[in-house]
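Below: one structure, written as structure tokens.
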Amino acid sequence: MTCDDKKSLVHALADGELDVIHAREIEAHIATCADCAATYAEVVALKQRLAMPGLRLQAPAHLAQRIALALPAAAPAPVAKLPVAGSVVTALAPLRELRNAWALRLQGALAGAGGALAVAACLAFFVMRVGTSEDIAASLVDGHLRSLQASHLFDVQSTDQHTVKPWFAGKLAVTPPVPDLALKGFTLVGGRIDYVRGRAAAVVVYRRRTHVINLFVWPGTEAAPEMTELSGYFLRHWTQDGLTFWAVSDIAEPELAEFEAAYRAAPGHEG
Amino acid sequence: MLEPDQREAERFRTLVVPLLDDVYTFARYLTRDAAEAEDAAQETFLRALRYFSGFSGDQIKPWLFTILRNVLRSRDPRRFEPLPQTKSGEALSVEPLWGEPVASPETNATQSDAALHLRELIGRLPAAYRETLLLKEFNDLSYREIAEVTGVPIGTVMSRLARAREELQAAWFELEKKAKIS
């Protein structure tokens, strides 16, 4: 029976996922195959049933309110205007409003009592936060997420290390190693230039199955935790030969460690 | 003149905020817990807000659901692991799915009854099937988008969707049969 192979195409037909040619082919098959015709009818009926009212739920009103509150209002909060590190700090304002309402109250109380002192204290708090590895991690996850959106993944698309590496050489002061790790299960897909906290970084892009690994590289040997988890993404950090490396991905932590090991052991490192 | 922050907030309000019910629904079906779903939805919107300035694509929904999925996974790493296979016919021991009854004025009693049962049955599908079905039927994502959100090849999306529907259909028939007998 070849009908088993056709089953998922019957579903695809009901979902409107087939192009004209395949749609015609499957329609013709359904016309002659009672089994597939029954499947098709069932799928269509189920799709209709799943459209009935009462299945889709409404978010509670207080949740909608909390989210509305988290958005910068018509008059932005003073912290949102601090001229530091862009999105990281501006995002903190709503976060704090939502999560730590007490902090705002405290801030209000302080401002009432001590005015300028309180503002200075808040500023110091934010300035201290900027530049921590946590903020770098947040910027890197931002960069990783940006890269996952269509057409942002690479500036140069190639599985050939001899194409990607010279491409960087013409653009940046630093040329990261671009080893071919296909045998280790990491496919080179390209490279791009990204900006991490206002600084240009080379990004070498690999894939593990369907998952993207962005490897950010810039000169310097900053200290940071070897492993960071942020927003469901894993970040692995290491330094080598005067370069700082950050690998960011949603693959599991041991796999990312495996990636680091494979990358560092690769012969491409000298070249 | 609006400040850039305010413009972003406006864009977020127009494009992302209206998807709150969809996000909440998905979280609710996946977590089967009202409080947990609420927390996950809230966290998703906070993250979305934070990453929004970097988002320039036009497909908001897959982007938002990718974040939601990461939130759900980080809150419970085992959430998307395949369930151990149960023998066919054996009742799954499932915690109560829904805290409160569906009371919607515009649906009549029979309809909301059916919806209640169907919700229960969807909630019993293995997580991988459940999420695939929800992304397709409730959110109208394409196979390609579902593949991106769930991080599996399109072929897997197709087979999961087919399995989800088969299981749901079978469970529904079972229910109808019982209803007729009693």
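On the basis of the beta-carbon distance and an R0 of 35 Å, B:Asp113 and A:Thr159 show a calculated FRET efficiency of 0.05. Counting only the backbone N, which residues of the range A:173-208 are under 15 Å from the spot 7 Å out from the Cα of A:Ala261 toward its beta-carbon? Within reach of a label on A:Ala261, which here means backbone N under 15 Å from a point 7 Å along Cα→Cβ, the range A:173-208 contributes A:184-186.
What shape does the range A:142-271 take by its C-alpha gyration tensor, where a ≥ b ≥ c are the square roots of the eigenvalues and a/c under 1.5 counts as rounded, a/b above b/c as prolate, and the rest as oblate? Since a/c stays below 1.5, the shape of the range A:142-271 is classed as rounded. On the basis of the beta-carbon distance and an R0 of 25 Å, B:Glu120 and A:Ala34 show a calculated FRET efficiency of 0.20. The overall shape of the range A:3-49, judged from the alpha-carbon gyration tensor, is oblate: a/c is not under 1.5, and a/b is no greater than b/c. Peptide A:59-71 is shielded by partner chain Cβ atoms: per residue, an average of 6 of them sit within 10 Å of its Cβ. The charge dipole of the range A:147-269, taken about the Cα centre with unit charges on the Cβ atoms of Lys, Arg (+1) and Asp, Glu (-1), comes to about 300 debye, rounded to the nearest 20. What is the sum of charges around B:Leu168, taking Lys and Arg as +1, Asp and Glu as -1, for the other residues whose C-beta is under 14 Å from the C-beta of B:Leu168? Net of charged neighbours comes to +1.
Bear in mind that the values in this text are calculations on the coordinates, not laboratory data. These numbers were taken from a predicted model, which means no experiment stands behind them. Note: ideal-geometry Cβ built from the backbone for every residue, glycine included; neighbour counts use all protein chains shown.
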